[in-house]
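What follows is one structure encoded as structure tokens, with my remarks underneath.
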Amino acid sequence: SFDSMERAFGGSLGSLDRGKQMMAFIEDYALRSAFGLDEMTRAALSLQLAGLSVGRFLPIVEALALATGNVSAEGLLDVASVLRRLQGGQIAEALGPEGLGRFGINRSQLMQAGATFNKGGQFQGSTEQAFAIVEKLVKERLGPIAGAVGSGDQAKLSNASDAMAKAFREVGKVLNEAFLPGVVQASEAIGFLVKEGILKDLTDSFLGLIGV
């Protein structure tokens, strides 16, 4: 649920308030994305748990998934896994055929974006430099493709669905704030009656009156 994800992000970011801020960011982002809120949230949490900036890398994950036709939660997570491998220092694997290569990005394209490799094919640079090259490549070469895919009917339906879900959540928050205290008090009162045996006595007395 939305509340659960706020708490999940809160645990990673150090406070519930920061978790709520992150979910508010993702919620607004999803309103403009071809992907739904649930899909974007799962991808964002995957990035966050790897220590990657959601604000920086979620757009990269989205664009790469869109440009390569992976318009699904699995597609987003698949792309995010490549960035997680980069973050973990597995640069060769992330930039190679089993990493970005699976999304149609080859060494030649990486070199055109500024990457350098030695004679043995090893990337010459730091993890941050690798991130910067991937970021540049996605924005400059795949951005237009992602934009075209992301403006289709599926994206519009996703945006409408997310907007309606957000509206219902806002209504739910108002109702929750209005009725939750009363529900909690009622629950505590019932718990007290059960604990003290009063509820059982009242039930037995009522059943006796009606001859049951």
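Scanning region 103-131 for residues that are in contact with a Gly (Cβ under 8 Å, 6 or more places away or on another chain) and in a helix (DSSP H, G or I), which turns out modelled with the lowest pLDDT? Before you say what the answer is, go through the steps one by one.
Filtering region 103-131 for residues in contact with a Gly (Cβ under 8 Å, 6 or more places away or on another chain) gives 107, 115-116, 127.
Cutting the leftovers down to in a helix (DSSP H, G or I) gives us 107, 127.
On the way: ARG107: 91, THR127: 94.
Step by step, filter region 103-131, then rank; the result is ARG107.
Within region 9-24, the residues that satisfy the criterion of being under 16 Å from SER46 (Cβ atoms) and open to solvent by less than 40 Å² (accessible area, probe 1.4 Å) are PHE9, LEU13, GLY19, MET22, MET23. Quick check on LEU137: is it within 21 Å of the chain's Cα centre (by Cα) and either at pLDDT below 90 or open to solvent by 20 Å² or more (accessible area, probe 1.4 Å) (or both)? No; evaluated as a whole, the condition is false for this residue. Considering GLU62, GLU74, the condition of being within 22 Å of ARG102 (Cα to Cα), free of Cβ contacts under 8 Å to residues at least 24 places away in the same chain and either part of a helix (DSSP H, G or I) or not polar (S, T, N, Q) (or both) is satisfied by GLU74 alone. Tell me, please, whether a residue that is more than 25 Å from GLU39 (Cα to Cα) and open to solvent by 70 Å² or more (accessible area, probe 1.4 Å) can be found in region 100-109. Yes - at least one qualifying residue is present in region 100-109. Condition check for SER46 on (1) surrounded by fewer than 15 Cβ atoms within 10 Å (Cβ to Cβ); (2) hydroxyl-bearing (Ser, Thr, Tyr); (3) within 23 Å of SER12 (Cα to Cα): one failure, at (1).
Based on this model, can you work out whether VAL82 counts as outside any loop (DSSP other than H, G, I, E, B) and more than 13 Å from the chain's Cα centre (by Cα)?
yes
When ALA65 is evaluated against the numbered criteria (1) under 24 Å from GLY104 (Cα atoms); (2) open to solvent by 30 Å² or more (accessible area, probe 1.4 Å); (3) among the small types (Gly, Ala, Ser), which criterion, by number, is the only one it fails? Failed condition: (2).
The values are calculated or read from the model by the stated rules, or taken from the named source; none is laboratory data. What you are looking at is a predicted structure, and each value in this text was computed from that prediction instead of being measured. So basically every Cβ, Gly included, is an ideal-geometry build from the backbone, and we count neighbours across all protein chains shown. Heads up: the accessible areas ignore ligands, DNA and RNA and are worked out on the full protein's heavy atoms, side chains in. Shrake-Rupley method; radii C 1.70, N 1.55, O 1.52, S 1.80 Å.
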